[in-house]
Amino acid sequence: MATNTRKLAALLGASGTGIADAGTINTAGITADAIDNTKIADNAINDENIAAGQVVADIADDAITGAKFANDIAISTTGNIATTGSGTITSAGNLKVDTIKDVSGTKTLVTQDGSNWAWGTGVPTGTVVGHTAIQFHEATTLQSSGSLSELDTDVRLTYTAKSTSNKLLFQVSAFFVSPNSTQLSWSTIYNVTDSAYVGQPVAAGSRQRVHWGKRTSNYDANDHDMMNYLVYANAPSGAKTYTIYHGTSGKTDHFYMGSVLNDPVAATAPIVWSITEIQQ
């Protein structure tokens with residue numbers, strides 16, 4: 001009995017401070033670490049009863065697996081997700097971004113405006129960042145002669161450069177026939193939008209300022225030849241339409257059907273040309 005009396009006295013404390021007026025036990029009347037999880041009812045502790053930050057502090061590193069995350073997790077638009085070391089981000093679905101930067105985060109590699117991607121300044125020099133081309137052929141003979149003029153409106157190309165700091169490489173390849181003539185032919189690229197020649201060579205007297213010239217040997221009406229050349233020029237701003245200019249001196253060149261003769265040794269061939277944008 002004496003032992004129980006001492007226990008009761010310890011519980012009540014001096015002047016009964018261990019028991020509140022309502023008959024419940026005060027905090028001071030509970031021995032430290034005396035309450036374990038078996039004494040706490042299920043769902044009895046609310047958020048406000050847990051110290052701020054305590055749950056996060058008690059989670060061990062690498063303890064939360066992907067199975068513990070809900071689908072469609074939203075992250076603040078001002079926040080960042082970063083991997084360290086050789087970590088990677090893998091997605092079985094769509095990985096949606098509007099900007100891709102280099103590892104330093106200072107150079108933009110790619111951006112998008114909701115419909116189109118655009119290469120940024122961080123793209124390595126020499127990278128092809130844009131291209132357009134055409135291969136065109138008709139079942140008739142296209143004849144071209146006289147001073148430089150548009151060869152065929154059907155082979156026009158329109159291109160918008162990604163950056164005015166870049167270069168445009170124009171490549172032209174066209175089979176033609178110079179029927180039994182040793183006269184000269186010329187060709188170059190023309191910017192229809194700006195009414196200007198592209199990458200025009202410097203003026204030198206009355207010489208033709210072109211990127212291709214040719215004299216074909218004369219044998220017969222099937223004198224085949226090729227018009228192949230390159231133009232390397234600064235990229236302009238905005239959409240531009242380009243075309244091939246061609247001219248001759250004292251003769252007529254034939255394209256597409258080539259020879260006027262329907263002969264097994266004659267040939268037909270297309271005009272092929274392209275514009276390639278190169279990062280600088």
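Being of a type in the set (Gly, Ala, Ser), in contact with a strand residue (DSSP E or B) (Cβ under 8 Å, 6 or more places away or on another chain) and touching a residue at least 40 places away in the same chain (Cβ under 8 Å): is that true of Ser149 here? Explain how you work it out, then say what you get.
Numbers: of a type in the set (Gly, Ala, Ser): yes; in contact with a strand residue (DSSP E or B) (Cβ under 8 Å, 6 or more places away or on another chain): yes; touching a residue at least 40 places away in the same chain (Cβ under 8 Å): yes.
So Ser149 fits the description; yes.
How many of the residues in region 171-210 are surrounded by fewer than 19 Cβ atoms within 10 Å (Cβ to Cβ), over 19 Å from Ser274 (Cβ atoms) and of a type outside the set (S, T, N, Q)?
The total comes to 10.
For Thr216, indicate whether it is farther than 18 Å from Glu138 by Cα, assigned by TED's automatic domain parsing to the domain that holds Gln183, free of Cβ contacts under 8 Å to residues at least 60 places away in the same chain and over 39 Å from the mean Cα position of the chain (by Cα). Talk me through it step by step, then tell me what you get.
Numbers: farther than 18 Å from Glu138 by Cα: yes; assigned by TED's automatic domain parsing to the domain that holds Gln183: yes; free of Cβ contacts under 8 Å to residues at least 60 places away in the same chain: yes; over 39 Å from the mean Cα position of the chain (by Cα): yes.
For Thr216, the condition - farther than 18 Å from Glu138 by Cα, assigned by TED's automatic domain parsing to the domain that holds Gln183, free of Cβ contacts under 8 Å to residues at least 60 places away in the same chain and over 39 Å from the mean Cα position of the chain (by Cα) - is met.
Inspect all residues belonging to region 55-62 and state whether any of them is more than 22 Å from Gly120 (Cβ to Cβ), modelled with pLDDT under 75 and surrounded by 10 or more Cβ atoms within 10 Å (Cβ to Cβ). Before the answer, list the steps.
Going through region 55-62, the residues more than 22 Å from Gly120 (Cβ to Cβ) turn out to be 55-62.
Subset that is modelled with pLDDT under 75: 55-58.
Filter once more, keeping what is surrounded by 10 or more Cβ atoms within 10 Å (Cβ to Cβ): 55.
Looking for residues that are more than 22 Å from Gly120 (Cβ to Cβ), modelled with pLDDT under 75 and surrounded by 10 or more Cβ atoms within 10 Å (Cβ to Cβ), one finds at least one in region 55-62, hence yes.
For region 138-160, give me each residue that is over 29 Å from Ser237 (Cβ atoms) and either assigned to a loop (DSSP other than H, G, I, E, B) or of a type in the set (Phe, Trp, Tyr) (or both).
So the first thing to find is which residues in region 138-160 are over 29 Å from Ser237 (Cβ atoms), and the list is 138-147.
Within region 138-160, Glu138, Ala139, Thr140, Gly146, Ser147 meet the criteria.
Say we look at region 244-257 and pick out the residues that are hydroxyl-bearing (Ser, Thr, Tyr) and surrounded by fewer than 19 Cβ atoms within 10 Å (Cβ to Cβ); which of these is nearest to Ser144 (Cα to Cα)? Explain how you work it out, then say what you get.
Our first condition is that a residue be hydroxyl-bearing (Ser, Thr, Tyr); within region 244-257, this holds for 245, 248-249, 252, 256.
Then keep just the ones that are surrounded by fewer than 19 Cβ atoms within 10 Å (Cβ to Cβ); that gives 249, 252.
Numbers: Ser249: 11, Thr252: 6 Å.
My answer is Thr252.
Go through (1) within 19 Å of Leu184 (Cβ to Cβ); (2) touching a Lys or Arg at 6+ places or on another chain (Cβ under 9 Å); (3) without any contact (Cβ under 8 Å) to a residue 12 or more places away in the chain; (4) not polar (S, T, N, Q) and name the single condition Val202 misses.
(1)
Looking only at residues that are out of contact with any Pro (no Cβ under 9 Å at 6 or more places or on another chain), surrounded by fewer than 12 Cβ atoms within 10 Å (Cβ to Cβ) and β-branched (Val, Ile, Thr) in region 122-170, which one is farthest from Gly250 (Cα to Cα)?
That would be Thr125.
If I ask for residues that are buried (at least 19 other Cβ atoms within 10 Å of the Cβ) and either under 14 Å from Gln200 (Cβ atoms) or among the hydrophobic types (A, V, I, L, M, F, W, C) (or both), which ones from region 233-243 would you list?
Ala235, Tyr242, listed by residue number.
Does region 97-137 hold any residues that are touching an Asp or Glu at 6+ places or on another chain (Cβ under 6 Å) and in a loop (DSSP other than H, G, I, E, B), and which are they?
Once the filter is applied, which keeps residues that are touching an Asp or Glu at 6+ places or on another chain (Cβ under 6 Å) and in a loop (DSSP other than H, G, I, E, B), region 97-137 yields only Gly122.
Please count how many residues of region 214-232 are under 26 Å from Arg156 (Cα atoms) and surrounded by fewer than 16 Cβ atoms within 10 Å (Cβ to Cβ).
Matching residues across region 214-232 total 5.
The values are calculated or read from the model by the stated rules, or taken from the named source; none is laboratory data. If you're wondering where the values come from, they're calculated on a predicted model, not measured in any experiment. Quick reminder, even Gly has a Cβ in these numbers, built from the backbone with ideal geometry, and neighbours come from all protein chains shown.
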